[in-house]
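The values are calculated or read from the model by the stated rules, or taken from the named source; none is laboratory data. Bear in mind that the values here come from a model prediction, so they are computed numbers and not experimental data. Neighbour counts run over all protein chains shown; Cβ positions are idealised from the backbone, glycine included. For the accessible areas, the whole protein counts, side chains as well, though only heavy atoms, and no ligand, DNA or RNA atoms are used. Shrake-Rupley method; radii C 1.70, N 1.55, O 1.52, S 1.80 Å.
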Amino acid sequence: MANPPDRAKDDSSVGAKNGQLSRAGSLTVLRRTNSKSKLPSTSSSRTSSIAESDSYASVDLGTDKLPPIDTPEASHVCSIRLRNILRRIQNGEVSKEDLHKNLEYAASVLESVYIDETRRLTDEDDELSEVEPDAVPTEVRDWLALTFTRSMSNVRRRGLEKPKFRSVAHAIRAGIMVDRIYRRLSSSATLHIPPAVLQLLKGMDDWSFDVFSLNSAADGHSLKYVGYELLQKYDLVTKYKINSSMLDSFLLQLEVGYSKYKNPYHNLVHGADVAQTVHYILSQSKLAHWLTDLEVFATIIAALIHDYEHTGTTNNFHIQTGSEFAVLYNDKAVLENHHICASFRIMRSEEANILNHLSREEYREFRALVIEMVMATDMSFHFQQLKNMKNLLGMPENIDKQKALSLVLHCADISHPAKDWNLHRRWTSQLLEEFFKQGDREQELGLAISPLCDREKTLVAESQIGFIDFIVDPSFAVMTEMLEKILTPLQKAARSEDAISEEVFDKTDKSKYILSTPWSDCLADNKNKWKVQAAKDAEERKQKEAEELSKETSNTNNNTTKPIAPPGGPTPAVSCSAGKGGN
């Protein structure tokens, strides 16, 4: 690298000079700081610092004294160095080693500049601003804006750290056969699984797995059995020496937390469904071969805990009501922070510590990945997440694993419109009931009712069409492209060893891996069904409005035909009554 850990004595002065260099073991960590607020140096000292670097760039071809690659002066010094090298090349004065080191440094500087520019672009307006005003009903557009952007809560996300572009090992782990992960039979040695549940668990590799049927057969314990089955399928119980009683306690406590608020949608069945969907993507795409055992472990646990103790209300509701969670987490990813915090409390408890055999380094890596994945399920980061991934897809470097797995979990979390109609319709009904309950509470509190939370005015079919068009379909399209980029090199390597069939590659382009995408047909079919329903609903609303208008017109006509008393005289009724009395 441009700034290796073993340097000359005066390296410390370079680090102090730039105020940005720190070390962690053998890794050199570069960090950008605000020179105005963090550095005591004046503009003159900074000028002299740059001048010193300029001089070094012109005289010597070493890279150890050049500024860190992500500092403002790096690009300037780099340009001077490259021009100096060009002059020396003409005279044949540049060694191959010096040329290699300097080109590597220059490439790193350019990459850093590109990353900064990419981040700047992804911080601009969300893609929802490009949607035509009349593309969806106003209420649906408001819901999309409130849920999937920060535009209505004045919250702008800033990346906590620079995206990582480290290279990833692609070799399939030695000694692990393809069938080892996917064809393991469920073990009932440490957990009794009812025969009916065991039978249904055989369908875990299906895209539209019926988690509702499983939950009924499991007497309300679908999360427990799905979690146990997945940890067994990937041999994680054995690999990480997970105690069976601790695992049982952990899964049961998760179910208790998911059931705490009796949510119609964000409950243990949803947790089980998302975990199974993540498994489908890992296994059927063969993405699991790209991951280490620890990364698979973290991914399964992240899916299981991702909505633990969900309150059945949105982050915006917590912020608007000033809830304890909102105060605790400073209005930032309120629920997601709580899901992570509360879940790790369980895993730290003596009776449910399923991580007790991880080394300290393994635990840090596991925790970092779980946090990254669950935080990415905050729907207000949706457009930012897709933009970041699209930019990564356009770069030659390998995709960062944390970013890839975060997108997989996010897609699984919003996947019900991409499942069979009977499952999608049921999930939609339960989600809207949860929304309506929040709307009822908002009405009681005198708050404005959130989009799609009004029982009387919500356009169900239109909301799902908008959800599919602007959220789910684009998400799965980006995920599909991401998976194909990741998996093509792996599958090509496997093909060269005759380990896979030629059928998984594009017939016209043998270098491109073709991913099976069952969600595509489901999305198209469900969208068409909602369009038919939307047309019916619109006709019913039109009829109802016509009936109400006719009723109002009738009432108006009745009022205008009543007898009116003549000016200055009694009404006919009074006059008649007076005549009778006179007799």
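Being of a type in the set (Lys, Arg) and either in contact (Cβ under 8 Å) with a residue 60 or more places away in the chain or closer than 21 Å to Phe209 by Cβ (or both) is the filter here; which residues of the stretch 224-281 pass it? Correct list: Lys224, Lys233, Lys241.
The criterion of being at pLDDT below 95, outside any helix (DSSP H, G or I), open to solvent by 60 Å² or more (accessible area, probe 1.4 Å) and in contact with a helix residue (DSSP H, G or I) (Cβ under 9 Å, 6 or more places away or on another chain) does not hold for Ala448. Got at least one residue in the stretch 409-423 being assigned to a loop (DSSP other than H, G, I, E, B) and either more than 14 Å from the chain's Cα centre (by Cα) or farther than 26 Å from Asn528 by Cα (or both)? Within the stretch 409-423, one or more residues are assigned to a loop (DSSP other than H, G, I, E, B) and either more than 14 Å from the chain's Cα centre (by Cα) or farther than 26 Å from Asn528 by Cα (or both). Taking the numbered list (1) closer than 30 Å to Ser359 by Cα; (2) not in a loop (DSSP other than H, G, I, E, B) in turn, Lys241 passes all entries but (2). If you take the residues in the stretch 213-223 that are assigned to a helix (DSSP H, G or I) and touching a residue at least 40 places away in the same chain (Cβ under 8 Å), which one is most open to solvent (accessible area, probe 1.4 Å)? Ranking the candidates gives Asn215 first.
If we keep just the residues of the stretch 270-290 that are more than 19 Å from the chain's Cα centre (by Cα) and closer than 16 Å to Lys202 by Cβ, which is most open to solvent (accessible area, probe 1.4 Å)? Among residues in the stretch 270-290 that are more than 19 Å from the chain's Cα centre (by Cα) and closer than 16 Å to Lys202 by Cβ, the one most open to solvent (accessible area, probe 1.4 Å) is Gln284. Among the residues of the stretch 215-229, those that are out of contact with any Phe, Trp or Tyr (no Cβ under 7 Å at 6 or more places or on another chain) and over 9 Å from Asp273 (Cβ atoms) comprise Asn215, Ser216, Ala217, Asp219, Gly220, His221, Lys224, Tyr225, Gly227, Tyr228, Glu229.
Of all residues in the stretch 190-212 being part of a loop (DSSP other than H, G, I, E, B) and touching a residue at least 60 places away in the same chain (Cβ under 8 Å), which is most open to solvent (accessible area, probe 1.4 Å)?
Asp206
Would you say Leu304 is at pLDDT 95 or above and open to solvent by less than 20 Å² (accessible area, probe 1.4 Å)? In short, yes.
Out of everything in the stretch 351-401 that is free of Cβ contacts under 8 Å to residues at least 40 places away in the same chain and of a type in the set (Gly, Ala, Ser), what residue ends up being surrounded by the most Cβ atoms within 10 Å (Cβ to Cβ)? Top of the filtered list is Ala376.
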